[in-house]
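Quick note: the coordinates plus some simple rules give every number you see, no bench work behind them. Nothing here was measured: the structure is a model prediction, and the numbers come from that model. Note that we place each Cβ from the backbone using ideal geometry, even for glycine, and neighbour counts take in every protein chain shown.
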Amino acid sequence: MKKTHLRTTLSLAFALLVALTVCLVSILSSTFISREFEEYVKLTQKKQADDLAESIGSHYDESGGGFNIDYVHGMGMYALKDGFLIRLYDEDGNLLWDAENHDMALCHEVMDTITLRMQENRPELHGDFVTYSYDLETKGKHTGKLEISYYTPYYLDENDFQFIHALNRILALTSAVSLSLAVVLGVLFARRITKPISGVISATKKISEGDYGVRVDANLKERETHELADAVNHMAASLEEQEYLRRQLTGDIAHELRTPVTNISSYMEMMIDDVMEPTQERLKSCYDELSRLFGLITDLERLESVESGGINLNKEDVELLSLSETILQGFETGIHEKNIDARVSGEEVHICADRGRLSQVIANLLSNALKYTDENGKITISVKRKKDIAELVVEDTGIGISKEDRERVFERFYRTDKSRTRKTGGAGMGLSITKAIVQAHGGTIHCESEPGTGSRFIVTLPVI
Ligand code: ADP
């Protein structure tokens, strides 16, 4: 299916919305204004007829002169031009003045013009000339009757129609201008929204092709697009980091494997060629190199198992203080060689955990403390309970870790100093394995350290 551009959809939606609003407003205002105007004209015409009757009625001479016919004539001719035809009777019903009698041609012309104009423009009114009768009185005495005929329900003259047409033209013009503006604004508005999205699309395409260095301009005003650009930048940065770590891992593994394999193969070659005797000592040296290889493979396997979420915990009651003491004893030789003051302190804390995995955690932390602490240093493992949390701290007076490294030591394959750690044999996997195990137990691990002073690794684990 052919896909439309988001920009087109947004522009169209915007224009459609404005078009609908403008149409609705135009239709409603045109209808209401016209209706109100017509209502006003209807009332005005009724008032005009009433005023005419009152004015003629007031020109009655009580002293016997009757109606002032000259005045009635003047008013009648004047009213005729406005579409009112009058007829006046005295109190006995005798006709005194009739517009039709006076100027029949003009009366018919006025009536025809009004009727024709209204039927052309307002056929739905079905209007016609209707006669209204007024009883005239002076001081309570009946003086006569006035009949006024005009087009009912109302009629509009040329100027009125011009006014209504002008009004409709203005509304149509306003609608057209608003609509054009809406289209222009809609396109601009849609472009503003879609531009960063297009940027994100092209960046993600590049990322999918392996270009992790690409970044999107995240300095955007709208929160959502800003967050989207930010998220893509984060994703690219983390992929870049992963890619770097993957490359580093390949290099590290190759390097780690090369040294023992080279040593073993050169020993073997010399022994096969009888250049060297296969003495106990040389075979022991080969065995040590093989052990290093074995250790590396075990580390890689462990990491693979914890990183693929495959930690099966066989939980049981474990007492942390005695477990720490047992593990410390396993490091006796190394501690003794470096003349390190190592001890376990604190209180007995029972937790529900996987003994084997937990031993691995303590052993990893202790092994690091031993590796990075110089001779005559100090290592302390302390255990204590804080409410429902067991806290295990492994502290040393070793070389310490800089602030920058402190945040990254738990990342897999991260080593603070490549050459130094290579000598000590670590591949930067111990702490990431440790962290994964602690987290699998629902605990946390973090590090506090000052370079040159020492490090503290603090593990918290839920008691139950
Ligand atoms: P490794 O196998 O290299 O020891 P780890 O994941 O256990 O890997 O540790 C990562 C890095 O953190 C080490 O290479 C080391 O630089 C640093 N580190 C860990 N523990 C300590 C410590 N107690 N003192 C100083 N540096 C440490």
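With the calculation restricted to Cα positions, what are the radius of gyration and Dmax of region 172-259 in angstrom?
22.0, 87
What's the magnitude of the charge dipole for the chain around its Cα centre, counting Lys and Arg as +1 and Asp and Glu as -1 at the beta-carbon? Answer in Debye, nearest 20.
Values: 52 positive and 73 negative charges, 532 e Å.
Around 2560 debye, computed over the chain.
Please report, in debye to the nearest 20, how large the charge dipole of region 319-396 is about its Cα centre when each Lys and Arg carries +1 at its beta carbon and each Asp and Glu carries -1 there.
Roughly 240 debye, rounded to the nearest 20.
How big is the C-alpha Rg of region 210-310 next to the rule-of-thumb value 2.2 N^0.38 Å, as a ratio?
1.85
Can you pull the Kirkwood radius for region 203-248, inverse mean 1/r over Cα pairs, to one decimal in Å?
Over region 203-248, the inverse of the mean reciprocal pair distance is 11.0 Å.
With the cut-off at 32 Å, tell me which of the pairs Lys195/Lys435; Lys315/Lys403; Lys386/Lys435 have Cα atoms farther apart than that.
Listed pairs above 32 Å: Lys195/Lys435; Lys315/Lys403.
Which of Ala176, Ala166, Thr131 sits closest to the plus end of the dipole of region 123-202, meaning its Cα is farthest towards the positive end, when Lys and Arg get +1 and Asp and Glu get -1 on the C-beta?
Farthest towards the positive pole: Ala176.
Give a residue-ordered list of calculated ³J(HN,Hα) values for region 135-150 (Karplus: 6.51 cos²θ - 1.76 cosθ + 1.60, θ = phi - 60°; whole Hz; x for Gly, Pro).
7, 9, 9, 10, 6, x, 9, 5, 10, x, 9, 10, 10, 10, 10, 8
Cα atoms only: what Rg and Dmax, in Å, come out for region 107-235?
Considering region 107-235 through its Cα atoms, Rg and Dmax are 35.2, 109 Å.
Filter the GluC sites (Glu not before Pro) in region 170-254 down to the DSSP loop ones having no more than 10 other Cβ atoms within 10 Å, then list what survives.
Passing both the DSSP loop test and the Cβ count: Glu209.
Determine the principal axes of the Cα atoms in region 1-89, then give the extent along each, sorted from largest to smallest and rounded to whole angstroms.
Ordered largest first, region 1-89 gives principal extents of 96, 18, 15 Å.
With an 8 Å cut-off on Cα pairs and a minimum separation of 6 or more residues, tell me the relative contact order of the chain in percent. List each step's numbers first, then the result.
Numbers: 582 pairs, mean separation 46.8, N = 464.
Relative contact order of the chain: 10 percent.
Just in region 12-75: which GluC sites (Glu not before Pro) are loop by DSSP and have at most 12 other Cβ atoms within 10 Å?
Hits after loop and neighbour filter: Glu62.
On average over all directions, what projected area in square nanometres does region 6-171 have, based on the convex hull of its Cα atoms?
In nm², the orientation-averaged hull projection of region 6-171 is 12.4.
Two-decimal Rg/Rh of region 313-462 from alpha-carbon positions, Kirkwood Rh?
Taking Rh as the inverse mean 1/r over Cα pairs, Rg/Rh reads 0.94.
Could you tell me how many cubic angstrom of Cα convex hull volume region 47-137 has per residue?
Output value, Cα hull per residue: 98 Å³.
Using modelled amide H (1.01 Å from N, peptide plane; none on Pro or chain starts), what sits under 5 Å from the amide H of Gly346, excluding residues fewer than 5 places away?
The list, which skips near neighbours in sequence, is Val383.
When Rg is the radius of gyration of the Cα atoms in region 242-377 and Rh is its Kirkwood radius, what does Rg/Rh come to?
Ratio of gyration radius to Kirkwood radius: 1.07.
In cubic angstrom, how much convex hull volume per residue do the alpha carbon atoms of the chain span?
Expressed per residue, the convex hull around the Cα atoms of the chain is 323 Å³.
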